[in-house]
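Structure record follows, encoded as structure tokens.
The values are calculated or read from the model by the stated rules, or taken from the named source; none is laboratory data. What you see is a predicted model, and the numbers here were worked out from it, not measured in a lab. Cβ sites come from the backbone with ideal geometry, for glycine too, and all protein chains shown count toward neighbours. We work out accessible area using only protein heavy atoms, side chains counted, and drop any ligands, DNA or RNA first. Shrake-Rupley method; radii C 1.70, N 1.55, O 1.52, S 1.80 Å.
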Amino acid sequence: MRARQIAEEFPVIPSDSDALEAVRLMAEARLPGLVVTESDGTPVAILPASQVVRLMVPAYVQDDPALAGVLSESMADHIMDKLGGKTVGAVLPKPRPEMPTVNPDDTLVEIAAVMARDRSPLVAVVAGKELIGVITATRLLQVALGSL
């Protein structure tokens, strides 16, 4: 099977959109991430949900997870506040990683290789600058299991 055959429509969000709204969309739709586009619709990045989770945790707690137990409940209740007023572009990792994309004619193995290399839960299927659709890791697994 080729990428164009398994690509699905998927929510995209412009890089100048509100970060908190993007997170809300991810959470409500249970998405593994979002495709981020420029204002002209050109895909430029993937914002994985795992990156948003990292933003929730202070760097010193990431360095020593045992410190998470000393954070107060009121602090924990406000962990998403730091996204307020920020754009999606502002919360993307710096430097921005290469956009995980595949060509419409790529095979399952080629798609899996890009996901594995980039540790991305999804890839964009792109022809030129046009977004054809998105393939999530779960969609890829579903198709791979169906072809056994």
Quick check on Val36: is it in a strand (DSSP E or B) and over 25 Å from Val109 (Cβ atoms)? yes
The lone exception for Glu8 - which of (1) touching a helix residue (DSSP H, G or I) at 6+ places or on another chain (Cβ under 8 Å); (2) at pLDDT below 75; (3) exposed (fewer than 13 other Cβ atoms within 10 Å of the Cβ) it fails: (2)
Go through (1) open to solvent by 30 Å² or more (accessible area, probe 1.4 Å); (2) assigned to a loop (DSSP other than H, G, I, E, B) and name the single condition Ser120 misses. (1)
Condition met for Val36 (within 13 Å of the chain's Cα centre (by Cα), within 23 Å of Gly85 (Cβ to Cβ) and modelled with pLDDT of 90 or more): yes
Quick one: count up the residues across segment 47-105 that are at pLDDT 65 or above, in a helix (DSSP H, G or I) and of a type outside the set (Val, Ile, Thr). 21
Every residue from segment 14-58 that is open to solvent by less than 20 Å² (accessible area, probe 1.4 Å) and of a type in the set (Val, Ile, Thr): Val35, Val36, Thr37, Ile46, Val52
Within 22 Å of Leu122 (Cβ to Cβ) and at pLDDT 85 or above: is that true of Pro14 in this structure? yes
